[in-house]
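The values are calculated or read from the model by the stated rules, or taken from the named source; none is laboratory data. What you are looking at is a predicted structure, and each value in this text was computed from that prediction instead of being measured. Cβ sites come from the backbone with ideal geometry, for glycine too, and all protein chains shown count toward neighbours.
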């Protein structure tokens, strides 16, 4: 198992916990929480692989289903500590986001796509699972709010590109890229940094516009 595989499994575990944490807040049963955790963990990678015209990764290696099971067990056994911590979702979501951006970039480059495609695939790998999660639990997808989320993925992709141009070692590139995503996400939330909201006229309902 190489370093990128470790990143992939760590991202799967982190994202699965973030999904299971939200499912617990909605009082889902164990199976429902597992499903939410699973789609959070594999949703982005599945969309990435379909766009890259390859078989979705989890269909070739069932270990991702097992890792999600361990994430559910982790939340069940440490439920009081995990669920009561208000920052649990944010912490694991930020970690999973950073790790999955790297995985998306690496797999796209391995498939011989250009860097701009790899950055887009990194963003999709990191954020699409969260979109699916939010739809499943009937929440407005985080990526569509003013929070710095998908943009943090782009920052990570640009950092990876810069490190590549500088000739850094692959492991160092991966670490710095993931760290830049996590740091960007944390700083944006801590200092309330957000993108401007696109405002329309209050009196223009969809029916009036159409």
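Note on segment 100-204: enclosed helices (runs of 4 or more DSSP H) holding 1 or more residues that are without any contact (Cβ under 8 Å) to a residue 24 or more places away in the chain and under 30 Å from residue 32 (Cβ atoms) are 115-136. Per this entry, residue 49 is counted among residues that are over 26 Å from residue 189 (Cβ atoms) and in contact with a helix residue (DSSP H, G or I) (Cβ under 8 Å, 6 or more places away or on another chain). When the criteria are applied in full, residue 171 meets the requirement of being in contact with a helix residue (DSSP H, G or I) (Cβ under 8 Å, 6 or more places away or on another chain) and farther than 26 Å from residue 55 by Cβ. Every condition in (1) part of a helix (DSSP H, G or I); (2) touching a helix residue (DSSP H, G or I) at 6+ places or on another chain (Cβ under 8 Å); (3) closer than 22 Å to residue 138 by Cα; (4) modelled with pLDDT of 90 or more holds for residue 28 except the one numbered (1). Scanning segment 58-68 for residues that are under 18 Å from the mean Cα position of the chain (by Cα) and either surrounded by fewer than 17 Cβ atoms within 10 Å (Cβ to Cβ) or not in a helix (DSSP H, G or I) (or both) yields a single hit, 65.
Has segment 3-18 got any residue that is free of Cβ contacts under 8 Å to residues at least 40 places away in the same chain and either surrounded by 15 or more Cβ atoms within 10 Å (Cβ to Cβ) or in a loop (DSSP other than H, G, I, E, B) (or both)? Checking segment 3-18: not a single residue is free of Cβ contacts under 8 Å to residues at least 40 places away in the same chain and either surrounded by 15 or more Cβ atoms within 10 Å (Cβ to Cβ) or in a loop (DSSP other than H, G, I, E, B) (or both).
Scanning segment 73-88 finds no residues that are closer than 24 Å to residue 152 by Cα, touching a helix residue (DSSP H, G or I) at 6+ places or on another chain (Cβ under 6 Å), loosely packed, with under 14 Cβ neighbours inside 10 Å and in contact (Cβ under 8 Å) with a residue 40 or more places away in the chain. Criterion applied to 156, 122 was being crowded, with 21+ Cβ neighbours inside 10 Å and either touching a strand residue (DSSP E or B) at 6+ places or on another chain (Cβ under 6 Å) or farther than 22 Å from residue 54 by Cα (or both), and the one residue passing it is 156.
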